[in-house]
Each structure stands twice: as C-alpha cells, then as structure tokens.
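The values are calculated or read from the model by the stated rules, or taken from the named source; none is laboratory data. Source: prediction; values computed, not measured. Note that we place each Cβ from the backbone using ideal geometry, even for glycine, and neighbour counts take in every protein chain shown.
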Amino acid sequence: MNDEKLTTIEQVKQFLKGSETLRFEGVSIEERYRWIESVLVRFTYHRLSRAEKGVIRQYLQKVSGYSRAQICRLIRQYYQQGRLRKADCKRHRFPSKYTQKDIALLDRTDELHDYLSGPATRKIMERVWAVYGHMDFKNISQISIAHLYNLRQSFLYRNLTKRYTKTKPAVVNIGERTRPDPGGKPGYIRVDTVHQGDRDGEKGVYHINAIDEVIQWEILASVGRIYEYHLEPALESMLAGFPFVIKGFHSDNGSEFINKTVAKLLNKLLIRFTKCRPRHTNDNGLVESKNGSVVRKQLGYTHIPQSYASKINQFHGDYLKHRAI
C-alpha cells in the first residue's frame, strides 16, 4: 500500500471517514511491521498530541487489520527498540525417538500381519529383533503399546499404509428382513406405493396399494404426500378395511414405510413387520404386479396433481375397494 501522500492528521481523519466500510489486510507480517514503522516515523508519533496519537492508532488499526491492543504493543516496542521486527519464536521440542524408518517398519509389519492389535504387533517386532536378529527393529521393538497406537494415528503412518476398508451399510433396526410366510392363511398383506408422476417440478399424487397374499383382497388409498401426517391415517383406515385380522405387514425398503411412525402403529396393532431382503426382487413381487394390472390400468401413467387425492380416494371406495381378484 502506497500512502506517502498522507502527511497530515486531517488527511488521515478524512481517510478514516471515507473508508468505514472497507477492510484492509497485509500480505505478510514483515510487510505490515515495515509499514507501521514508516507511518510512525513519517508522522513523528512521539511528538503528537494525545488526540492526534489516537487518530494515528485508528489509522494503523484500520489498515493493518490488527486489534487496538496489538497496535499499542507494537508502538511500545518501537519506543523501546527503535524499530519493529518479527520476534524469532524458539519453541522447545522433545527429540523424536522413533524415526521415519521406524514408522515404515511398523507399517510394513502391520501390512504383512493384517493389522493386529497393539500387544500382538509389539511382540512380533520384539521376536524379529531378539530371535531373528534383524537390527533394524531394535529401536521400534522397545515401543510402548500406547505409543504404538499414537504412531498409527500419525500423518506419516497414514500416508504409508495401504489398508482399505469397505463401506459399511447403515443398519436400520426397523422391520424384520425376511420373506413373509402366511402358511395358506389370510391376514398377511403386501404394501407398496405408486407415484403418479411429476410435472414442472410439482409432485403428483401417491397411491398406496395393499393386497393380501393368499386371497388377494386389495385395498387402495391415495395421499397427496407420503409424510407421516398424511400416511399414518391412510394406513390405519386401510388396515381397518380388511375383513380379517391383519397378522403380517410386508413392504420394500422405502423410507415411507421403514420409519418409527409406521413401526409404532404396527406394534400397537400386534402386526409383524417384515421388509424385503437384498437381492431378492420377488419378495414383494405380488403387489408389484398388481401395481401394473390394477393401478396403472385404471389410473394410467400421466401426472395427477396432489389436490385430487380425496377425489381419487372416493373413486377407490366406489370401484376398487374390498375386491378379491
């Protein structure tokens, strides 16, 4: 920043007034120190009045980005030393007992022995040195078990290691992942949802199709959205509409059914809740086939707005409800 044309306190005041919304940042600490020192020299800071010193401090604080306390500390340093220099920081560091070579040996040992526990790994390295005489392991074989785990978390170890783990699927403890077994008795229903398409970013109506596996008694319901507020009363009315006691409820792995609200409802009614198994597409094949032969045949594939859900429910009650196919 070139501010050599600012030579009077009045010019500094005008600058501060016109740059209230601006923020300045220096390139480096050394550059900011040199600039602060030049400003103090240019305005002969030690000869200014109390009010004028306050203006200069505001100017230094504004342009440098430092706080008021930092500016005061730097001015005091300039008074004491006659210049501003960045202090050399000398921090005490403990010597490293285990070198990069030791960490590489630990990584190689873990890779060959499939990443055993800390005590087992340390015992292996002890035997490599004491029994087999490999002098490279003399230092690392004396490591404590706690520090061995610390080295495994170090940046160098994590760059050397070639251990890869597969992604673990999220476990959902809702519903039993099995194929329903009605044993030739009614009361075990299959459930699925059918979406009536989107148009211009607007979701269509959702149909809930429930069918008994044995006698194939089918009940349809439509909801505007598959949220808990809409889905729970629809499921309650559907379960109450079957002319027999419901003992089993089977669905796919969609979140509209695999949630705590549906699980609580079925648990209250003492209904066994099962869901499809992975790589078994036929677990819910019955209701999937009825989606095409009944729902799509009667309602088609075109978009139906969500506002028509109540009228479609009336159509279900008049023509598609309580029918055994």
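Here is how the numbers come out for the structure above:
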| read-out | value |
| --- | --- |
| Residues satisfying the stated conditions in segment 266-277, i.e. without any contact (Cβ under 8 Å) to a residue 24 or more places away in the chain and either touching a Lys or Arg at 6+ places or on another chain (Cβ under 9 Å) or in a strand (DSSP E or B) (or both) | LEU266, LEU270 |
| Meets criteria (in the same structural domain as ASN313 (by TED's automatic domain parsing) and either surrounded by 16 or more Cβ atoms within 10 Å (Cβ to Cβ) or without any contact (Cβ under 8 Å) to a residue 24 or more places away in the chain (or both)) for LEU220 | yes |
| Candidate set from segment 149-203 (those that are of a type in the set (S, T, N, Q), farther than 30 Å from PRO278 by Cα and modelled with pLDDT of 85 or more); member that is nearest to the chain's Cα centre (by Cα) | GLN153 |
| Exclusive hit being in the same structural domain as GLU111 (by TED's automatic domain parsing) and surrounded by 12 or more Cβ atoms within 10 Å (Cβ to Cβ), set LEU156, LEU231 | LEU156 |
| Pick from segment 256-288, criterion of a type in the set (S, T, N, Q) and closer than 14 Å to ILE189 by Cα, ranking: nearest to the chain's Cα centre (by Cα) | THR274 |
| Filtered residue count, segment 66-115, keeping only those that are exposed (fewer than 13 other Cβ atoms within 10 Å of the Cβ), under 28 Å from LYS13 (Cα atoms) and touching an Asp or Glu at 6+ places or on another chain (Cβ under 8 Å) | 1 |
| Test result for ARG122, of a type in the set (Lys, Arg), crowded, with 19+ Cβ neighbours inside 10 Å and not assigned by TED's automatic domain parsing to the domain that holds SER38 | yes |
| Failed criterion for ALA263 (all others in (1) under 24 Å from PHE315 (Cβ atoms); (2) assigned to a helix (DSSP H, G or I) hold) | (1) |
| Top-ranked residue in segment 148-200 [being in contact with a strand residue (DSSP E or B) (Cβ under 7 Å, 6 or more places away or on another chain) and aliphatic (A, V, I, L, M); ranked as farthest from THR261 (Cα to Cα)] | VAL194 |
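Conditions (1) out of contact with any Cys (no Cβ under 9 Å at 6 or more places or on another chain); (2) not in a loop (DSSP other than H, G, I, E, B); (3) not basic (Lys, Arg), marked per residue:
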residue	(1), (2), (3)
GLY184	yes, no, yes
VAL191	yes, yes, yes
SER222	yes, yes, yes
ARG225	yes, no, no
LEU231	yes, yes, yes
GLU256	yes, no, yes
